[in-house]
Amino acid sequence: MAKMLVRGTGALAVPFGRAERHGDALVVGSGPGEWTVLGGRAQHAAESGPGDHLISVIDVTHGRALVRLTGGRAASLLAKVCAIDLSDRVTPDGTAFRSSVAKLITDVVRDDRDGTPSYLLHCERSSGQYLFDSLLDAGAEFGIEPTASELR
């Protein structure tokens, strides 16, 4: 899946701490003046910001791992490995934040699927397998099972 990092003042309209769908891509306000564009035609979405701003677009597709955690108990599983309040009131659908997940700095995006809580967890590629294994271990009591998925 394509992953682009976009930097520049006012480059994209998604505010810091939020995520929004733009066509077939998910645009995440991942920091002040910084966005992560995931999926689909990420390059096109990254470059579709206002033309009068200086921006940089960096392809991080092969440097970052992305895991999706979906299900009614997803927040309960994440609560075991992340100290953020994952209640709907504090972290509703479309929330984006960076935190420690299983002692690993991870970008977390709440991206519900058909009304079911779903989280995208985005970390350095070299730590991807560790994150995946940690989630499987933490989710054992919930009957977690890995499946192939797309961003959608």
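Couple of notes before you dig in:
- Near pairs, Cβ below 6 angstrom, 6+ apart or cross-chain, from the stretch 114-129 (more than 19 Å from Val27 (Cα to Cα)) to any residue that is of a type outside the set (S, T, N, Q) and surrounded by 10 or more Cβ atoms within 10 Å (Cβ to Cβ): Arg125/Gly63; Arg125/Arg64; Arg125/Ala65; Ser127/Leu104; Gly128/Ala65
- Residue list for the stretch 1-21, filter: over 13 Å from the mean Cα position of the chain (by Cα) and among the aliphatic types (A, V, I, L, M): Val6, Ala11, Leu12, Ala13, Val14
- Test set (1) more than 18 Å from Ala138 (Cβ to Cβ); (2) part of a strand (DSSP E or B); (3) β-branched (Val, Ile, Thr) - Val90 fails condition number: (2)
- Set side by side, the residues Leu54, Leu26, Leu66 differ, and just one is out of contact with any His (no Cβ under 7 Å at 6 or more places or on another chain) and either assigned to a strand (DSSP E or B) or at pLDDT 95 or above (or both), which is Leu26.
One line per residue, one yes/no per condition, for (1) surrounded by 14 or more Cβ atoms within 10 Å (Cβ to Cβ); (2) of a type outside the set (Val, Ile, Thr):
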residue: Ile105; (1), (2): no, no
residue: Asp111; (1), (2): yes, yes
residue: Gly115; (1), (2): no, yes
residue: Cys123; (1), (2): yes, yes
residue: Ser126; (1), (2): no, yes
residue: Gln129; (1), (2): no, yes
residue: Ser134; (1), (2): yes, yes
residue: Ile144; (1), (2): yes, no
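- Within the stretch 3-17, if we keep just the residues that are small (Gly, Ala, Ser) and modelled with pLDDT under 90, the residue that is surrounded by the most Cβ atoms within 10 Å (Cβ to Cβ) turns out to be Ala11.
The values are calculated or read from the model by the stated rules, or taken from the named source; none is laboratory data. Just so you know, these numbers come straight off a predicted model, no measurement behind them. Ideal geometry is used to build each Cβ from the backbone, glycine not excepted, and the neighbour counts take in all protein chains shown.
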